[in-house]
Amino acid sequence: MGIRNTTHNVFKATMVSLLFTVIVALLTGLIVNQRFASIELDGEKLRIEPKPTRIYDAQGNKMAEFEKDRKEMTPYDEIPKEVIEGVVATEDREFFNHAGVNVRTIFRAVLVDLRSGSFEQGGSTITQQLAKGIYLNPGKTLDRKIQEAVYATAIEKEYSKQDIIAFYLNHNFYGQRAYGIKNAIQTYFGMTIEQFEKQDKIDRIAKSALLAGIPQSPSVLNPYANKEQAMQRRNTVLTNMYVRGYISREEYEAAKAKDFLVLSQPNIADSEKIHSPEYVHYVLSEASKILDMPIEEVMYSGVTLYTSFEPEVYKAMRKHMADSSLYPSNPAGDDQKIQGASVFLNPQNGEIYAMTGSRDEITQFLTFNRAFQAKRGPGSSFKPLIDYGPALETGKWNAYSTVQCQSSFGTYYVKDHNCSGSKSMTEALRLSNNGPAVWMLQQVGIDYARAYVEKLGIKLTDNDIYLPIALGGLEYGVTPLELADGYQAFANGGKRAEAHTIRRIVNYLDEVVYEPAQPTQVIKAEAADQMKSMLRSVVTNGTGRNADVPGYSISGKTGTNENPGGHGNKDIWFAGFTDNLVGVVWMGFDNADSRHYIPSGQTSYIAAKMFGNIAKDTLKILPKTTAKQKTINKISIDLFRNVEGNQVTIKWEDKPGLKYEIHRNDAIIGDSLDGSYTDTNVKAEKTYTYQVVGFDEKTGEKVLESNKSSIQLPKVEEKKPTEEVQKEEDTQDITTKEEDVTPKQETPQTEEPSKEETPTKEPTVTEQPKTNDTTKDTDTKPTDDTNVEEPKTSQPDAKETPNNGNNNNQKVTEEQPSTETNNL
């Protein structure tokens, strides 16, 4: 009976699957055919490469250029057959048999997607992959998959299989700035295609398998980036080639035994040399998120990226970051170095001046960068963000409210120096006391504090819900860039724009496709100013005195994170700012252990000194006006039309060194290098709204914009022959502030208004469970000249503490980790 039921169930499941397959095939076919009828395939995109991708710094200097060389596309009959076989065996076994779409692979992908509730499975043929890369935006939606199928069908109709596989291999990115199969062979093996063909067959098979496997994830699967994963991928391709019968068992075994056979260093063309490669890496990473495409695709998408990178600031940063005398000592005495990273940005608009992720110069491109990729425990530098900032924001506390020097919070214990009874919030922050910080978080409530730091750009994990976060005890920590971003609002009156480097993205059609948002008010201005004052006391007479720069008002906070191995410290930080600069410095071992740590006496005052040195040079470089939010000047425009009603001329006062964009009904219609533009694509009886936006030609920065001015074109009546002589006088000033021409006027006013008659505007300024806490905050007193003593002044009596009550929404209902946390 059981066997019969099992057989029945299997048969039923099989029939359901077959029925579902038929339905999917029919629906896919119907949709594809319907859309296919209306598609126009631009075959030139398969052959002609867009403009190169270029990146410019804040001064208009070119930092990098990436260009795919398609003028030497390799035709099918010149591509090594082993490369083609490796790609087909791995990416699309039925390539030479299907018509662009493989229903069976789509069915398998749909089944997986339905089970997972997403559209993550590929199921794409080689033709679909080609269509996606050339004609479609990235994404894994059902509609995108249908579009893939439509374009793939169109490609298959127009081109042979040989042409399609050649297009595919020439469009592929292979990592190490190698684009196309010909360039990949040159980059990895230093060979021409002719030399590649003449080498030993086993070597040719092994090398072809390597190249066939890289495009799936070029930044991970190339042997210079990750040898282990690259080798696994190459061997997978070899296995596929053997299974599909392209190579024999003996050839498979011999090729698998081979090493990578690549050059010791990739052979990169001189034309693609990069200035400040670590910063260019971040620019591409940011563009990747904005454009929703992998970094490799951004590099060859033909966009122009205008950035905020300041070369002189980076030069000053590198000078000090490379100075060994500014780092703690290595107690192990071996060759491992205590590393460092720093980020400096402009809080007035969120633009990043410079960043570096190493004490040593980074010359390799797309390597790991600690400045924006390494999350570490921030220690006490997190206290302003998670403890005192939220308290000020509530309005229940101010800079001089009384806080308690408490050390026991259920099962959670903290160690503290120079703290007993009660003291003011400012004093507790100045001396980096731990007990008051935890007490303050408990009073405010963890939910409220988490929401506060999220407004500052820092996203905590679901596990960051216990009191240790008061001292920077986070599950993963923060990057130097994230911490700098978080401090922006304190420096800019509570306003913040997400930290960024890209000022503007222009596509290969010279269309502006992205500009960053302006700063918005994220916390109260009064609370931000109070925090600035509190953090100023940290620098003038607290743990951050080494960060002070004579002649400038520096505010900031130190942070030290204890080594979980029990020896010394793991991380030391300083985050500081002025009105026009926010900077963060981090130091530590990449992998701290019982031998590699920062000695206990060498705490965050060292990071503060590094910050002070960099800030001193940087503030000399930055113009004084940088401290103010940049002004977008306002201009007025005048509109004129002709008698026929089929032409509008826009005029404005030209400024030297600017390029203008012309907007009509909020869409860009053209550009101009002078003070006029004529729009001939208009129709009578229609209303149009125009605006002019001006950009600095050198930096790409937006510097002015006009008012929006509208015009309604009248109905044009047939003219009598006697009226033709008056065609020369056919324009009239019809700006939004003047009346339109009345139909009774047979001869319109055609003279442009004089300057006295033209209205102008003055430029305007745009306004735990029980565990041991391994992320202890252990800033200790600075040594000797930076020693901090608690002043012998009377503290407010404990009974004078404001009755602020407990916050019921804080997540401290479970027992807190049973730990002891040291001071600072």
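Tabulated data for the structure shown
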quantity	calculated
Residue list for region 294-314, given a label point 7 angstrom along the Cα-to-Cβ vector of Lys51 and an amide N cut-off under 17 Å	298-307
Calculated P(r) of region 298-444 - Cα pairs past 28 Å, %	46
Cross-link pairs beyond the 18 Å C-alpha cut-off, checked among Lys81/Lys198; Lys634/Lys655; Lys62/Lys315; Lys62/Lys182; Lys532/Lys557	Lys62/Lys182
Restraint check, Lys145/Lys375; Lys415/Lys616; Lys273/Lys659; Lys227/Lys455, Cα-Cα greater than 32 Å	Lys145/Lys375; Lys415/Lys616; Lys227/Lys455
Viscosity 1.306 mPa s, temperature 10 °C, Stokes-Einstein D of region 456-524 from Kirkwood C-alpha radius, µm²/s	111
J(HN,Hα) series, region 480-489, from Karplus relation 6.51 cos²θ - 1.76 cosθ + 1.60, nearest Hz, glycine and proline x	x, 5, 4, 5, 4, 4, x, 7, 4, 4
Per-pair calculated FRET efficiency, R0 = 30 Å: Lys161 and Arg249 via Cβ, rounded to 0.05	0.60
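Since every read-out is calculated from the coordinates, none of them should be taken as a lab result. For clarity, every value in this text was computed on a predicted model and none was experimentally measured. Cβ atoms come from the backbone with ideal geometry, glycine included; neighbour counts cover every protein chain shown.
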